[in-house]
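Working notes for the structure below.
Values quoted throughout were computed directly from the atomic coordinates according to the rules given, and no laboratory measurement underlies them. The structure presented is a predicted model; accordingly, all values stated were derived computationally and were not measured.
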Amino acid sequence: MAKKTAAEPAVSKRLKSSALLDTRVVYCGDNLEQLKKLPDACIDLIYIDPPFNSNRNYEVFWGETKEKRAFEDRHESTRAYIDYMRPRCAELSRVLKKTGSFYYHCDWHASHYVKVMLDQIFNENYFQCEIIWHRTLAKGLAFNGFPNNHDTIFYYGGGGELTFNRPYNPYDLDNLDEKTAGKYSHRDPDGRLY
């Protein structure tokens, strides 16, 4: 069932950003059922941070009211976890535009199995890169080995020409340190260093 935000009635129809989908609506419910209601190739960007197959229960107290929210991240096996995620990822693939981007956030519990599943669904040729999100402090001490101190984000394209605006911080050309100035000693016809 679609739940409209409280501010929606005051929002003008001209602010609707997609001809395929009303982006001013928050859809609540099981994502698999909600995804089935969406048209094909209607989404530009998908980022999911699903349960990680950690075999744990989670509880958090949310917002000013300290509302208790909880979920179980327990599956009978890694295969059961993948079987749970596969139809959801298939629907996500269906709604992703050819020029769209898909990001799947996971950790060491099932990342290797998730990658194989995503290659099958999104096409291994559309895999763009594996992003490592390194935590500066491990969650716990590893007494018998290395700590698990990173998450993985798999990035896939939708199969068409992607738009990717690489983030960068431009150098202050008037205040380059000696090391950096030595690396960029040539200028192009427009006067930019390279």
Open item on the list: Give me a comma-separated list of calculated 3J(HN,Hα) values for the stretch 82-96, in order, Karplus coefficients 6.51, -1.76, 1.60 applied at θ = phi - 60°, integers in Hz, x for any Gly or Pro.
Closed with: 4, 4, 6, 7, 3, x, 5, 5, 5, 5, 4, 4, 5, 8, 6
TODO: Past 28 Å, Cα to Cα, is the threshold; run LYS37/LYS98; LYS37/LYS115; LYS68/LYS115 against it and keep the listed order.
DONE: LYS68/LYS115
TODO: Search the structure for amide H atoms under 5 Å from the amide H of GLN128, placed 1.01 Å from N in the peptide plane, and list their residues when 5 or more places away or on another chain.
DONE: TYR155, TYR156, GLY157
TODO: Provide the per-residue ³J(HN,Hα) series for the stretch 58-63, in order, calculated from phi with Karplus coefficients 6.51, -1.76, 1.60 and θ = phi - 60°, each as a whole number of Hz, with x at glycine and proline positions.
DONE: 10, 9, 9, 10, 9, x
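In cubic angstrom, how much convex hull volume per residue do the alpha carbon atoms of the stretch 30-161 span?
On the way: hull volume 20.0 nm³, N = 132.
Spread over its residues, the Cα hull of the stretch 30-161 gives 152 Å³ apiece.
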